[in-house]
1. Within the stretch 463-480, can one find any residue that is buried (at least 21 other Cβ atoms within 10 Å of the Cβ), within 14 Å of the chain's Cα centre (by Cα) and not in a helix (DSSP H, G or I)?
2. State the number of residues belonging to the stretch 188-229 that are assigned to a loop (DSSP other than H, G, I, E, B) and either basic (Lys, Arg) or more than 30 Å from Gly577 (Cβ to Cβ) (or both).
3. Out of Glu342, Glu367, which single residue is under 15 Å from Thr295 (Cβ atoms) and open to solvent by 10 Å² or more (accessible area, probe 1.4 Å)?
4. Only one of (1) modelled with pLDDT under 50; (2) out of contact with any helix residue (DSSP H, G or I) (no Cβ under 9 Å at 6 or more places or on another chain); (3) not in a loop (DSSP other than H, G, I, E, B) fails for Leu11. Which number is that?
5. Anything in the stretch 252-290 that is touching a Phe, Trp or Tyr at 6+ places or on another chain (Cβ under 8 Å) and at positive phi? List them, or say none.
6. Is there a residue in the stretch 411-418 that is surrounded by fewer than 20 Cβ atoms within 10 Å (Cβ to Cβ), within 23 Å of Val297 (Cα to Cα) and touching a residue at least 12 places away in the same chain (Cβ under 8 Å)?
7. Go through the stretch 548-559 and give me each residue that's open to solvent by 30 Å² or more (accessible area, probe 1.4 Å) and modelled with pLDDT of 95 or more.
Amino acid sequence: MMKNRIFYAVLSAVSALLLMPVHAGGNANLLKNHDFSDGTASWRPVNTDSEYFEGGVVEEQGTPALRLNYRSPGEVTFVQFAQTVPMQDPDGVYELSAEIKCPVADGGVGPYIAVNYLNGGGKRLAFGNAPYLEPDGEWHTVTVRLQPPAGTALADISLILHGHGEAFFRNATWRELSMDEQVQDGTEVTLAIASEAHELPLFGVGAEDDGWAHTQGNRSHGWTDEDLAVCERQIRWLEPDFVRMFVWIGEWMPFGYFSDPAKKDAPFNWDTDLMQSKYKMLSLYKELGTTVEITCVEWNIERFGHMWDQPQRTLNAYADLMEHLIKEKGFDHIRYFTLSNEPNISFAAQGGSFELYAWFCKNLQKEFDARGLNLSVVGGDDGNNFAWFKRCVTNSDIFDSVDVFASHQYPRFPKWNPQHKTDFFRERTALLDSMPVRKPMIMAEFGFAGRDVSSINNPYMKEYDYAIQLMDYMLEGFEFGVSGFNVWTMYEMYYAPYTGNDVHGNKLMTYGLWEYEGNRLRPSFYAAALLTRNTEPGDRVVNCVSSDPALVRSIVIGDKLFYVNKSIRTVSAAVEGAALSAGVCFDRAVTASRILREGEPLEIADGKVAMPPESFGYIQLSAKGK
């Protein structure tokens, strides 16, 4: 195990400071009564008329603070106090922050501060929020820097408690910042390959493919056999090691299965259009030797009944699904199973308790083993919530049952908030390091949020900077001991046209390494492909310490040193610990070609590499570190 965790944490913290050319100056806080010295004046309550809510301004440790307390025995909701302020500069960059203390929280993501961007008519355009925090009873300052979407006229700032529990808020802030262009002065770095490899090898790198490319829904939007052939060709080029795939219960389970007595013995329909599409994609991944993780989702759960009230029936249904896929269909490359996507949000909102989640992890693994399925349950899968991740890792039933833990994160404006990913990686890997057995952690979903973002729309992913941030994110995660990454998502497609009030149904998921229209490659495709095409699961991972990680970050995987140069200038990198042979890189010009291609050669001489501005690539090593 790496002994220099603290050293890398310090380097990352220094990088965070170097990467944020922010001048707050005397920019005023735009919120009125931000410190609650005048009670709740200027703040309006939202969802606070429940008999289970208590709240208001109290004195907490000698200063006024807003207290939110919600103790409903079942319902999960968002209780909050909000304030709407005019947008000073719609093209400006803003800082959103607050001091928050949370003694206890459960059944949701807990307390946080958020902003809803509204147009002149009061319609919500998008939202943003600062990071969530663990309920430890201590005061924490949470901060995020954001840029409003086009058309924003109003900012609605909310102090929120989601789920059950108690939280205190003080010193809420919304202010405009002066942001300068990022210009790095340095043009030289030293990259020192560490003497020890990480304890765990590479798990793999890939992307989410929910398997609906061949559905009639996508056909109805104009996708042809030729489009599907191009999509398949690009997947083959990518050579993903690992793919995560949603399976919605409505793809194979009849409505009313848990609520209608007449459906008690109803058969599952394995031949729906949605399942037929999945089989085709699963066949492709089997041919490629790609490991697949199945993640179940319960959209429109009310159409099926209260499945979590019938845990054994639910467990049997999921085991039947996996036995069908693995034994009957022969998809033995499916090696991992996740009970519910982001269970700290969806599972909890549907009435599932943490104790029930732990029961499922333990007993699903027993059932898979009893049926002779070579399948491992994935633990955690939190939606950016360390409290849930920690409960999963430290719960003996879960820890002893699962082989891998997973998390999700979508940092907002990563260039302006680099500490968010650093803190995220540090706290999770440190927790896993403290356990008797070090189990791997993967990022089962990750991506970044820009100005106009929602759960299905992310124009930022079209930009070149997304590729730079993607590479920087993965390399830093590897430094801390994350074992694998799964990009959200592989390619744009229309999501399953399921019925009911759902935000995704029959809508284009615009997160993707390539676009739906014409299968046009995006810059982030080349960043992901650099790793998927040049590494193998089981490769050893060795840290490579950069003298200036604000400029260049690097990692050694197998016999290659991967790097990202975030500077707008060419950087000369001297590599210590191995001889160099050849290398390739991608930059703005190469990725603009939008064709399947390898990178351009790197200039290497006298143990130094000339890394082009804003580029990423790899260097072939003649020895795998020291």
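1. no
2. 12
3. Glu342
4. If we test Leu11 against (1) modelled with pLDDT under 50; (2) out of contact with any helix residue (DSSP H, G or I) (no Cβ under 9 Å at 6 or more places or on another chain); (3) not in a loop (DSSP other than H, G, I, E, B), just (2) comes out false.
5. If the condition is that a residue be touching a Phe, Trp or Tyr at 6+ places or on another chain (Cβ under 8 Å) and at positive phi, then Gly256 is the only one that fits.
6. No: the stretch 411-418 contains no residue that is surrounded by fewer than 20 Cβ atoms within 10 Å (Cβ to Cβ), within 23 Å of Val297 (Cα to Cα) and touching a residue at least 12 places away in the same chain (Cβ under 8 Å).
7. We begin by selecting, within the stretch 548-559, every residue open to solvent by 30 Å² or more (accessible area, probe 1.4 Å); these are 548, 559.
The one that is open to solvent by 30 Å² or more (accessible area, probe 1.4 Å) and modelled with pLDDT of 95 or more: Asp559.
Residue by residue, here is whether (1) in a helix (DSSP H, G or I); (2) of a type in the set (Asp, Glu) holds:
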position	(1), (2)
Asp271	no, yes
Met275	yes, no
Glu287	yes, yes
Val292	no, no
Cys296	no, no
Leu315	yes, no
Gly330	no, no
Phe347	yes, no
Gly352	no, no
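The values are calculated or read from the model by the stated rules, or taken from the named source; none is laboratory data. What you see is a predicted model; the values in this text were computed from it and never measured. Glycine also receives a Cβ, built like all others from the backbone with ideal geometry; neighbour counts cover every protein chain displayed. The protein model used for the area step is the full one, side chains on, heavy atoms only, and it has no ligands, DNA or RNA in it. Shrake-Rupley method; radii C 1.70, N 1.55, O 1.52, S 1.80 Å.
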